[in-house]
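Here is the structure we will look at, set down as structure tokens.
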Amino acid sequence: MMMSALLQNGIDHVASVLKDLVRWMVEHEYESIRQMRGSMSQRSVSDRAAFKRGNYMRALSSYVARKTA
């Protein structure tokens, strides 16, 4: 996905992505990528089936069909 964004927006897009990532991490009180990755891990939840269902539902609800040329 990142490669597609870079091809569409150019290499300078990396700075924008990094700025948005840092802002999001500050807003959600994450100090590092490692901390964020650990908290979003399936291993850190008690009900793994609910975790999988939640991720599946999030993927379905965020899907946007694109028109083809």
* Structure fact -> Given the conditions (1) outside any helix (DSSP H, G or I); (2) surrounded by 11 or more Cβ atoms within 10 Å (Cβ to Cβ); (3) basic (K, R), every one holds for R53 apart from (1)
* Asked: Only one residue in R66, R23, R43 is among the charged types (D, E, K, R), at pLDDT 80 or above and either surrounded by fewer than 10 Cβ atoms within 10 Å (Cβ to Cβ) or assigned to a helix (DSSP H, G or I) (or both), so which one is that?
  -> R23
* Does M2 meet the test of being at pLDDT 90 or above, under 14 Å from the mean Cα position of the chain (by Cα) and loosely packed, with under 10 Cβ neighbours inside 10 Å? -> yes
* To do: Would you tally the residues in the stretch 45-63 being among the aromatic types (F, W, Y) and under 21 Å from M1 (Cβ atoms)?
  => 2
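Being charged (D, E, K, R) and surrounded by 10 or more Cβ atoms within 10 Å (Cβ to Cβ) is the filter here, so list the residues in the stretch 5-20 that pass it.
The answer is K19, D20.
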* To do: Search the stretch 35-60 for residues that are under 19 Å from L21 (Cα atoms) and pair each with any residue that is in a loop (DSSP other than H, G, I, E, B) when their beta-carbon atoms are under 9 Å apart and the residues are at least 6 apart or on different chains.
  => M36/H28; M36/Y30; S39/Y30
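The values are calculated or read from the model by the stated rules, or taken from the named source; none is laboratory data. Note that the structure is a prediction, hence the values are computed from the model and not measured. Neighbour counts are summed over all protein chains in view; Cβ atoms, including those assigned to glycine, are modelled from backbone coordinates with ideal geometry.
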